[in-house]
Amino acid sequence: MVHPKKHLGQHFLKEPVIAKRIADALTGFGGYDRVIEIGPGTGALTQHLVPLPYELTCIELDSESVDYLNKHYPDVAVIQGDLLQMPGAELFSEPTALIGNFPYNISSQIVFKVLENRDSIPEVVGMFQKEVSDRIAEPPGSKTYGITSVLTQAFY
């Protein structure tokens, strides 16, 4: 059993219906064959991604979760590491969609990593904490409208 680690900001997705809705939100219109799941934890979302027609790679920081994923999803490439520390040019050498239940404490940094590599990331699907999604989606003139809103709306 994998336990969420507070210092990593882990909150495991447990509701299968929500996980399925997130997986089903991938459109595939971006001309990609590869999907990277960020922070798969115990694979609640992974299980819905495996049957989809994409090459799936999971990036997970927590070694306990990596062991769990390797045991339960042996056909999925699991990379132990920190997405934010990985070189984008290597990670996104081909068009790649990102998906995940993003931890609040790094979700803004994930958005900026996506923006840095926007030429290779045609689609991002994820669950964000409400405050982060508000910042991303707010129109001009609102209190939370800022650089995150401007850049994500300009490019996505």
Look through segment 81-99, keep the residues that are in a loop (DSSP other than H, G, I, E, B) and among the small types (Gly, Ala, Ser), and return whichever of them is most open to solvent (accessible area, probe 1.4 Å).
SER93
Can you tell me how many residues within segment 121-156 are assigned to a loop (DSSP other than H, G, I, E, B), hydrophobic (A, V, I, L, M, F, W, C) and out of contact with any Leu (no Cβ under 9 Å at 6 or more places or on another chain)?
1
Search result, residues across segment 55-80 that are at pLDDT 95 or above, touching a Leu at 6+ places or on another chain (Cβ under 8 Å) and either open to solvent by less than 60 Å² (accessible area, probe 1.4 Å) or under 20 Å from GLU15 (Cβ atoms) (or both):
LEU56, CYS58, ILE59, VAL76, ALA77, VAL78
Those residues that are of a type in the set (S, T, N, Q) and assigned to a helix (DSSP H, G or I), I need them from segment 48-71; list them, please.
SER63, SER65, ASN70
Based on this model, can you work out whether LYS14 counts as charged (D, E, K, R) and in a loop (DSSP other than H, G, I, E, B)?
yes
Just wondering, is there one or more residues in segment 135-156 that are within 18 Å of ILE36 (Cα to Cα) and either in contact with a Lys or Arg (Cβ under 9 Å, 6 or more places away or on another chain) or buried (at least 19 other Cβ atoms within 10 Å of the Cβ) (or both)?
yes
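The values are calculated or read from the model by the stated rules, or taken from the named source; none is laboratory data. If you're wondering where the values come from, they're calculated on a predicted model, not measured in any experiment. Every residue, glycine as well, gets a Cβ built from its backbone with ideal geometry; the counts of neighbours run over all protein chains shown. We work out accessible area using only protein heavy atoms, side chains counted, and drop any ligands, DNA or RNA first. Shrake-Rupley method; radii C 1.70, N 1.55, O 1.52, S 1.80 Å.
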